[in-house]
Structure formats: structure tokens, C-alpha cells
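Everything on this sheet refers to the single structure shown next.
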Amino acid sequence: MNEQRWIQIIIAALVVGAAAICVPLGWGDPPLWALPALIAVGLLAETANLKMSIGGQAMAIALTDAFVAIPFVIAPGAWVVLGVPIAVILANLRRTPRIKLAFNAAQYAFALAVGLLVADSIDEGIVGAAVGLLVFGCLNYTLVAIPIAISTHRPYASVLGHISKIGSIQIVGNISLGLLAGWLAQNAPLGLLGLVAPLILLWWSYQQQTERETEAFGSLLRRLAADGLAICLVEHDMTLVMDVCHTINVLDYGRTIAAGPPDQVRNDRAVIEAYLGTPEGVG
């Protein structure tokens with residue numbers, strides 16, 4: 001059985017598991033506007049991510065896990081298990097391969113269902129939400145490692161150990177931010193403005209700083225290459241790679257799917273499907 005088939009089986013198991021957990025969890029008691037609002041905010045959180053490098057590891061940080069904390073506090077229920085995956089699918093439909101998108105949505109659904117059930121069984125307040133979110137965050141990263149281990153043939157423990165170094169920081173940050181936002185939404189809604197405004201400014205400043213650093217790094221690489229130095233660049237920033245590299249080798253789950261000059265790689269069907277989205281979603 002090939003890797004893709006295994007991942008499809010895992011997706012089906014996650015969906016069935018999430019649906020089964022939603023039965024005792026129940027729909028919850030959200031206001032009528034809550035589900036469309038959750039989907040809308042989720043779209044924004046998935047789209048506006050911050051690309052940065054920590055400890056030499058490139059990563060993109062979105063606020064998806066943080067905004068999920070708000071319904072954990074104010075109205076936990078199966079409606080959250082439905083709304084967040086819908087937002088993930090809609091935000092990434094035109095730029096992510098179907099198998100990856102299906103796994104991401106199923107992973108969110110199952111991790112959310114388990115986390116919400118834990119929160120609901122403990123307490124309907126901040127304590128229950130905090131424990132539930134911790135379970136959700138840890139389970140989320142545990143699930144992320146599965147398709148990577150299957151596709152790259154690396155030991156699962158090795159993959160999990162690698163991503164958990166950054167993941168633990170992200171989990172704590174998202175839980176803290178999300179619980180604060182949830183408490184404000186429940187007890188002082190206008191106070192959310194005092195949280196959102198500086199957060200947007202901070203997000204924007206980091207993004208600007210990252211773009212300037214990327215431009216400076218690209219200029220440095222070009223100068224070194226002009227001096228005759230051969231450079232092997234391992235990078236996830238496609239704009240930088242296309243701008244500075246003469247020959248590109250593209251890996252997908254540890255396998256080479258394309259090699260050649262930038263223009264050739266940019267138009268390669270396998271690369272478009274794996275990283276740039278389907279032709280309808282490009283350009």
C-alpha cells in the first residue's frame with residue numbers, strides 16, 4: 001500500500017472519530033451569528049500568516065489556533081468542529097493539493113473535537129478551556145507528524161521531536177492569546193479592540209521586517225555568487241528561491257519532483273500541484 005493510500009485511510013479515520021466525539025459533545029449553544037463569524041475570522045487567520053525563521057527553521061505562523069480559543073471559552077460545542085475545518089478548506093482551496101487540504105481539515109476536526117470534549121467535561125470557564133486547548137494543541141502537532149513520517153520514511157518519533165521544538169512555543173503563545181481574547185469577548189467585548197489593534201500593528205511590523213531581511217539576504221547571496229562562491233540554499237520561500245537560484249531542486253515529502261532553472265520549475269505541473277496550487281489558483 002502506497003503512502004497516499006495510508007494518508008487517505010488516516011483522513012477517513014479522523015473524520016469518523018471527530019463525528020463520533022461530536023455526538024456526546026453536542027452542538028453547543030452559540031448565537032446565530034457565531035458560526036459564520038467563526039468561518040470569516042478563520043479565513044482571515046489562515047490567510048494572514050507570518051513567515052519567519054526561528055533557530056534556523058523556516059515556519060509560517062497563523063492565528064488559527066489562537067482564535068479557536070474564543071469559542072472554547074464562550075460556547076464550546078460541535079459547531080466549532082464544523083466551522084474551523086470549513087475555514088481551513090476555503091482559505092487554502094486554491095493553493096493546496098487536495099490530499100494535504102483534506103488531511104489538514106480532518107486533523108483540525110479531530111483535535112478540536114477531543115479538546116472541546118475535555119474542556120466540556122472539566123469546566124465551562126477558563127480552566128476547562130485552558131486544559132482543552134492544551135490537549136487540542138498537543139494532539140494537533142502529534143497528528144501533523146504522521147503524514148510526514150509516512151511520506152519521508154522517517155521514524156515518527158524523530159519527526160515529532162523535530163516539529164515539537166517550535167510547536168511547543170506556538171502552542172503556549174496561541175493558548176495565552178486565545179484565552180485572553182475569549183475572556184474579553186465574554187466579559188468586556190469592547191476590550192477586544194485594545195487587543196486587536198496592537199496585535200495588527202505587531203503583526204505588520206514583523207512582516208515588514210521579514211521582507212526587508214529577505215531582500216537583504218537575497219542581495220548577499222547574489223554578491224557571494226558573483227565572487228565565484230558556489231551556494232546550496234535550502235529554503236521554503238519560493239519568491240526568494242526563484243529570484244536568486246540558477247538551478248532548483250524541488251522536494252515534496254522527501255522526494256525530488258522537479259529540477260531545473262527557475263522558469264522551468266515554476267511551470268512544472270508537479271510543482272504547481274504540490275506548492276503553488278492548481279493552475280486555476282495561480283496568477
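Okay, residues lined up against (1) of a type outside the set (S, T, Y); (2) buried (at least 19 other Cβ atoms within 10 Å of the Cβ); (3) not assigned by TED's automatic domain parsing to the domain that holds G167:
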| position | (1), (2), (3) |
| --- | --- |
| F110 | yes, yes, no |
| L116 | yes, yes, no |
| G125 | yes, no, no |
| A130 | yes, yes, no |
| L134 | yes, no, no |
| C138 | yes, no, no |
| T142 | no, no, no |
| P147 | yes, yes, no |
#### Entry: Breaking point among (1) in contact (Cβ under 8 Å) with a residue 60 or more places away in the chain; (2) surrounded by fewer than 21 Cβ atoms within 10 Å (Cβ to Cβ); (3) under 21 Å from A19 (Cα atoms), for R94
(3)
### Task
Scan segment 150-170 and give yes if some residue there is touching a Cys at 6+ places or on another chain (Cβ under 9 Å), at pLDDT below 85, aliphatic (A, V, I, L, M) and in a helix (DSSP H, G or I), otherwise no.
no
#### Entry: Output for segment 27-70, where each listed residue is modelled with pLDDT of 85 or more and among the charged types (D, E, K, R)
D29
### Query
What number of residues within segment 99-141 satisfy the criterion of being closer than 25 Å to G26 by Cβ and among the hydroxyl-bearing types (S, T, Y)?
2
### Task
Only residues that are buried (at least 24 other Cβ atoms within 10 Å of the Cβ) and without any contact (Cβ under 8 Å) to a residue 60 or more places away in the chain: list them for segment 72-82, please.
P76, V80
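The values are calculated or read from the model by the stated rules, or taken from the named source; none is laboratory data. On a predicted model such as this, the values are computed, not experimentally measured, just so you know. All Cβ positions, glycine included, derive from the backbone under ideal geometry; neighbour counts span all protein chains shown.
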